[in-house]
Amino acid sequence: MKSPEDENALRTTVELRPHPGTELARGALVNIVALLAANLRGIFTFLIARLLGRTALGTFGLAFSTMDFLSKFGTWGMDTSTIALVAGRQAKGDHGGSHLVLRRAVTFGLLFSVVTALLGIIAFQTIGEKMGQPPELVQTTSLILLALPGIALYRISNGVSRGMKVMKHDIYSRGMTETFSTIAALLIAIAIGLRGLAPAVAVLLGTTAGGLMAFTLARGLFRGIPAVAAEAVAGPMLRFSSPIAIYSLLNILIMRMDVLLLGFLGPTVGVTLATVGIFVASVEISGGMRKVRQAFDPMFTPIIARQSAVKDQAAMEQSFAQLARWVLAAQLPLMGVLCLSGGIGLRIFGPGFEVGALWVGLLAVAHATNSFVGLAETVIMIQRPKLNLINSAITVVLQFGISLVLIPAYGATGAALAMMFAYITQGVLRYFELRFLFAWHWPWQALGRPALAFLLAIAPAIPLRLFIDGWQGELVAGLTFLTGYVGAWKVIGLEEADRVVLRQLLQGRKKRRLQGDNAA
């Protein structure tokens with residue numbers, strides 16, 4: 001029988017061995033900082049609403065959604081595929097091959113995005129007004145498409161950096177350079193009298209600055225390393241990226257279809273650009289749900305790719321279960337607050353925006369579902385990417401059909417409902433694929449604590465929201481929910497695996513602090 005001293009020694013040895021989740025958590029912490037910095041971009045939307053009004057925000061929202069959709073033709077999946085390709089080459093010690101991937105991907109990305117921008121501008125200038133689109137929308141969309149090369153440069157370069165497990169580059173390129181450049185450019189453009197075109201000009205300048213910074217940082221990782229590889233890079237990269245590009249294109253269409261269809265179908269049923277502007281503000285607030293998954297995805301992809309390369313399904317399932325628990329634990333309080341108190345956030349944009357509170361709640365549920373079950377997208381991408389293509393194609397058809405029915409009947413509420421139904425369907429498809437095609441064990445047990453904490457917190461908050469009117473009811477219900485959620489976690493406690501990760505993170509921080517003190 002082991003003595004207490006032996007058991008403590010064994011426990012110390014286990015905790016000193018790096019836990020699989022610790023690497024994921026460290027990368028996520030860096031990404032959270034980057035996302036918090038990037039979320040300052042919300043100031044940009046706020047300024048458009050406050051300085052230019054709801055109609056200007058609606059016009060910009062439609063133009064931006066169009067640009068975001070077309071940007072997938074420019075990156076052609078290389079913003080995601082480069083993460084896995086570079087991670088694989090680094091695992092083999094092929095540093096020159098990783099450098100060549102950066103060069104080839106950037107070259108293709110700039111070429112594709114320039115062609116896409118030119119074709120898009122010609123199309124909008126030629127047929128935009130003939131389709132009944134306002135002249136200011138055609139002009140804004142044509143101008144904002146010039147930002148596509150900068151977007152491709154940023155996304156592809158950061159994909160390479162993430163494949164090298166360097167997550168902080170996103171902070172400097174998008175979080176700081178792009179965000180502050182865009183805000184500054186907006187204020188200057190308004191000051192010199194551009195007004196309606198100011199948001200598009202700001203996006204153009206900001207994305208270009210962010211793209212140049214991202215490429216400079218990524219290229220710096222290969223200083224002194226020649227861009228050579230033992231085998232061809234371009235052909236395999238494009239073949240690997242193509243299915244990713246198509247389902248990424250479908251995914252962005254799913255994400256932007258609510259705004260696009262509301263803008264194009266709305267005028268026929270009385271939906272104005274001002275209403276579209278309120279809906280865009282609702283999308284901006286609820287879209288924060290996507291940031292939770294984005295904090296983990298850049299680090300999760302190379303980790304799951306490495307585990308898949310050695311066919312360690314047990315390790316893959318463990319990483320997936322732990323990450324799913326973390327994402328759910330972070331998403332549920334956000335979703336609860338948005339459903340209970342979304343109107344408070346909308347009031348910040350200006351008078352009249354609070355009418356979109358219901359839309360915020362519906363979109364929050366939609367994005368929470370997509371972000372959580374969307375973790376399976378990464379696993380499927382690594383092993384059988386064509387399945388993601390099938391999933392996205394089914395979801396696009398379903399959402400388009402539902403939107404054609406619900407938007408004429410319910411306007412913006414119909415667009416939000418169509419989005420929610422689409423993401424729930426996509427989530428169900430991914431669940432069944434992992435469960436039956438990949439023979440994975442869905443981590444129901446691992447998700448029990450976050451779900452229980454949410455139920456305990458939401459139970460007393462719902463009656464408060466129903467019986468207290470106005471922003472006061474939203475505030476009281478939201479604060480009650482958050483207090484209950486934190487209290488529930490204090491009672492329930494963390495999983496032992498999460499405790500190990502937390503201890504290792506704190507030990508690593510303490511070690512780095514001591515090393516810094518010694519160096520000083």
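If I stretch the segment between L455 and V491 completely, what's the gain in nm (0.36 nm per residue apart, minus their alpha carbon distance), one decimal? Display every interim value, and only then the final one.
Working: separation 36, 0.36 × 36 = 12.96 nm, distance 1.37 nm.
Length gained, L455 through V491: 11.6 nm.
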(request) Kindly provide the pair-distance distribution of region 38-224 built from C-alpha pairs, with 10 Å bins from 0 and whole-percent values in order of increasing distance. (result) 10, 35, 32, 17, 6, 1
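About its Cα centre, what dipole magnitude does region 38-224 give when the only charges are +1 on Lys and Arg Cβ and -1 on Asp and Glu Cβ, stated in debye to the nearest 20?
On the way: 17 positive and 7 negative charges, 111 e Å.
Using only the charged Cβ atoms, the result is roughly 540 debye.
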(message) I need the phi-derived Karplus couplings for region 182-192: 6.51 cos²θ - 1.76 cosθ + 1.60, θ = phi - 60°, integer Hz, Gly and Pro marked x.
(response) 5, 5, 5, 5, 4, 5, 5, 4, 5, 5, 8
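Using the count of nearby Cβ atoms within 10 Å as a rough guide to exposure, how do Y410, Y172, Y485, Y154 rank from fewest to most? Before the final figure, lay out each step's value.
Details: Y410 14, Y172 17, Y485 21, Y154 28.
Fewest-to-most ranking of Y410, Y172, Y485, Y154: Y410, Y172, Y485, Y154.
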(message) At a 10 angstrom cut-off on C-beta neighbours, averaged per residue, how do the peptides 74-86, 382-394 rank from highest to lowest?
(response) 74-86, 382-394
(message) Explain nothing, just compute: Karplus ³J(HN,Hα) = 6.51 cos²θ - 1.76 cosθ + 1.60, θ = phi - 60°, for every residue of region 480-488 in order, whole Hz, x for Gly and Pro.
(response) 4, 4, 4, 4, x, 5, 5, x, 4
(message) For a Förster distance of 25 Å, can you work out the FRET efficiency between the beta-carbons of I348 and V114, rounded to the nearest 0.05?
(response) 0.10
(request) Putting +1 on Lys and Arg Cβ atoms and -1 on Asp and Glu Cβ atoms, find which of T80, L111, L143 reaches farthest to the positive end of the dipole of region 38-224. (result) T80
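Could you give the length gained by full extension between V428 and A191, i.e. 0.36 nm per residue of separation minus their alpha carbon distance, to one decimal place? Display every interim value, and only then the final one.
Working: separation 237, 0.36 × 237 = 85.32 nm, distance 4.92 nm.
Working it through step by step, the gained length comes to 80.4 nm.
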(message) So if each residue of separation counts as 0.36 nm, and I subtract the Cα-Cα distance between Q445 and T268, what length gain in nm does that give?
(response) 58.9 nm
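Summing +1 for each Lys or Arg and -1 for each Asp or Glu, what net charge is found among the other residues whose Cβ lies under 10 Å from the Cβ of E474? Write out the running numbers ahead of the final one.
On the way: positive: R347, R465; negative: E354, D469.
Here the count lands on 0.
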(message) Which one, F264, T275, I254, is farthest towards the positive end of the dipole of region 146-287 when Lys and Arg carry +1 and Asp and Glu -1 on their Cβ?
(response) I254
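Just so you know, all these numbers are worked out from the coordinates, no wet-lab data involved. Quick caveat, the model's predicted, so the values are computed rather than measured. Cβ coordinates were reconstructed from backbone atoms using ideal geometry, including for glycine residues, and neighbour counts include every protein chain displayed.
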